[in-house]
Amino acid sequence: MLNIKKDDKVKVIAGKDKGKISKVVKVIKKNNRILVENVNIVKRHTKPSAKNRQGGIVSVEAPIHASNVMLMCNKCIKPVRIKMQNLENEKNTRVCRKCNEIIDK
């Protein structure tokens with residue numbers, strides 16, 4: 001189960017972009033991969049087409065594995081592990097392990 005959702009703030013903890021803090025653009029649950037803004041930029045060679053009249057080399061964000069990022073807590077301002085907790089009215093709420101701050105809002 002992925003604990004990271006779209007628009008979460010994450011820190012990259014492994015790979016060529018280690019240390020970068022950015023926002024999650026897309027979550028691919030099938031492969032446990034995450035597309036993070038301005039992280040893991042790769043070059044794609046494209047042919048000319050109807051959409052892209054001029055072919056060439058284009059920089060594109062590639063997805064990274066979910067294990068290579070950690071969720072950032074808004075209160076701690078640090079990368080943290082989270083726990084799932086059942087609160088009164090809500091089911092499975094994400095909570096920071098360090099400060100017990102609710103991450104889902």
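Just so it is clear, none of the values below were taken in a lab; they were calculated from the coordinates. These numbers were taken from a predicted model, which means no experiment stands behind them. A quick note on method: Cβ atoms are made from the backbone with ideal geometry, for glycine too, and the neighbour counts reach across all protein chains shown.
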Expected max-MSF residue from N68, N31, N52 in the GNM of the chain (alpha carbon, under 10 Å) is N52
Mean-square fluctuation check for the chain, GNM, Cα pairs under 10 Å: which of I21, I77, I41 is largest? I77
Order these by the 10 Å Cβ neighbour count, fewest first: M84, M70. M84, M70
Binned at 10 Å starting from 0, the alpha-carbon pair-distance distribution of region 1-72 in whole percents comes out as 21, 44, 22, 13, 0
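May I ask you to list the trypsin sites (Lys or Arg not before Pro) in region 9-46 that are in a DSSP loop and have at most 14 other Cβ atoms within 10 Å of their Cβ? Mind showing how you got there, number by number?
Values: sites: K9, K11, K16, K18, K20, K23, K26, K29, K30, R33, K43, R44; in loops: K16, K18, K20.
Passing sites in region 9-46 are K16, K18.
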Using the Karplus curve 6.51 cos²θ - 1.76 cosθ + 1.60 with θ = phi - 60°, work out ³J(HN,Hα) for each residue of region 60-65 in order, rounded to whole Hz, and write x for Gly and Pro. 9, 7, 10, x, 10, 5
Please tell me which of these pairs span more than 20 angstrom C-alpha to C-alpha: K5/K78; K9/K75; K30/K91? K30/K91
